[in-house]
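Heads up, the thing below is written out as structure tokens.
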Amino acid sequence: LRTDPVTIEVKPLPLPHPAEYSGIVASQLKLISQVDRDNVPRGDAIGFKVLLTADGFLKGFGELPIPVTAGTQIHDAGESFQTQVENNKLTGKIVVEKVIVPQNDGPLHIAPVELVWFDTTAGRFRTARTADWDLIVTPSDLPQAGGDESGFLRNEIARLGEDLAFIHQVPSSLSRRNGPLTGGALWWALLVLPVLLLGGYRYYLEKLAAESRD
């Protein structure tokens, strides 16, 4: 059995390609971002999520260009990829989660995420852009970035303090766990008891023998 051949015409993309081109070719693309709060104490974590949806194959897509905000630390929190068929089209969805930790008080601006893709409907390169976010970082008792020269953070010291055990003097009535096994009453009892049992059994046998002779 043989199926009929399928001929596909592959059209070249128009030149020149933008330097930031992501390699995504789709007729529909949606790019949004979310934050879990707009007011945060300095040193606390901000949840930042970016969702990319396109009617194309996104499994080979590299990485979303998440901008680095000055005065913050950014950490990876998770990434997921899903593919499904909708309206006879293959749809891919990528979710990237980050944790942003602000280091300074005051206003914090999170720049938008930008993604250059090729729109097959319009026949040109387009740039998808998420909304930018303006947050307020309030003061906290955590140390300023670069202000703690000891190498320890206050919250780390507090956490260690919860794990410390109080030290008490050992009562004099307690004996050493690793003390010698010899010299105690139990040791002498175990040592003498077999001899006494053997002596009693020997006496019992001699008594039976004497009764037999009589």
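From the list Thr69, Thr3, pick out the single residue that is loosely packed, with under 12 Cβ neighbours inside 10 Å and of a type in the set (Val, Ile, Thr).
Exactly one of Thr69, Thr3 is loosely packed, with under 12 Cβ neighbours inside 10 Å and of a type in the set (Val, Ile, Thr), namely Thr3.
Considering every residue within region 90-98, establish whether at least one is of a type in the set (Val, Ile, Thr), open to solvent by 80 Å² or more (accessible area, probe 1.4 Å) and farther than 30 Å from Asp141 by Cβ.
No, there is no match, as no residue in region 90-98 is of a type in the set (Val, Ile, Thr), open to solvent by 80 Å² or more (accessible area, probe 1.4 Å) and farther than 30 Å from Asp141 by Cβ.
Across region 72-86, which residue is nearest to the chain's Cα centre (by Cα) among those that are open to solvent by less than 80 Å² (accessible area, probe 1.4 Å) and β-branched (Val, Ile, Thr)?
The qualifying residue nearest to the chain's Cα centre (by Cα) is Ile74.
Starting from region 22-35, take each residue that is basic (Lys, Arg) and list its partners that are open to solvent by less than 40 Å² (accessible area, probe 1.4 Å), counting only C-beta distances under 8 angstrom and pairs at least six apart or across chains.
Close Cβ pairs satisfying both conditions: Lys30/Leu51; Lys30/Leu52; Lys30/Ala54; Lys30/Ala128.
Are there any pairs, at least 6 apart or on different chains, whose C-beta atoms fall under 9 Å, with the first in region 68-87 and more than 10 Å from Lys98 (Cβ to Cβ) and aromatic (Phe, Trp, Tyr) and the second at pLDDT 85 or above and open to solvent by less than 90 Å² (accessible area, probe 1.4 Å), and if so, which?
Here the result reads Phe81/Gly92; Phe81/Lys93; Phe81/Ile94; Phe81/Val95, each pair linking region 68-87 to a residue that is at pLDDT 85 or above and open to solvent by less than 90 Å² (accessible area, probe 1.4 Å).
Would you call Leu193 over 35 Å from the mean Cα position of the chain (by Cα), modelled with pLDDT under 90 and either farther than 30 Å from His17 by Cβ or assigned to a loop (DSSP other than H, G, I, E, B) (or both)?
yes
If Glu63 satisfies all but one of (1) under 30 Å from Gly106 (Cα atoms); (2) part of a loop (DSSP other than H, G, I, E, B), what's the number of the condition it fails?
The failed condition is (1).
Can you pull out the residues in region 87-104 that are over 27 Å from the mean Cα position of the chain (by Cα) and among the charged types (D, E, K, R)?
Lys89
Is it the case that region 100-107 has a residue that's out of contact with any Cys (no Cβ under 8 Å at 6 or more places or on another chain), assigned to a strand (DSSP E or B) and open to solvent by 30 Å² or more (accessible area, probe 1.4 Å)?
yes
The values are calculated or read from the model by the stated rules, or taken from the named source; none is laboratory data. All values derive from a computational prediction rather than experimental measurement. Heads up, the Cβs are rebuilt from the backbone with ideal geometry, glycines too, and the neighbour counts pull from every protein chain shown. Accessible surface is based on the protein model in full, side chains and every heavy atom, while ligands, DNA and RNA are left aside. Shrake-Rupley method; radii C 1.70, N 1.55, O 1.52, S 1.80 Å.
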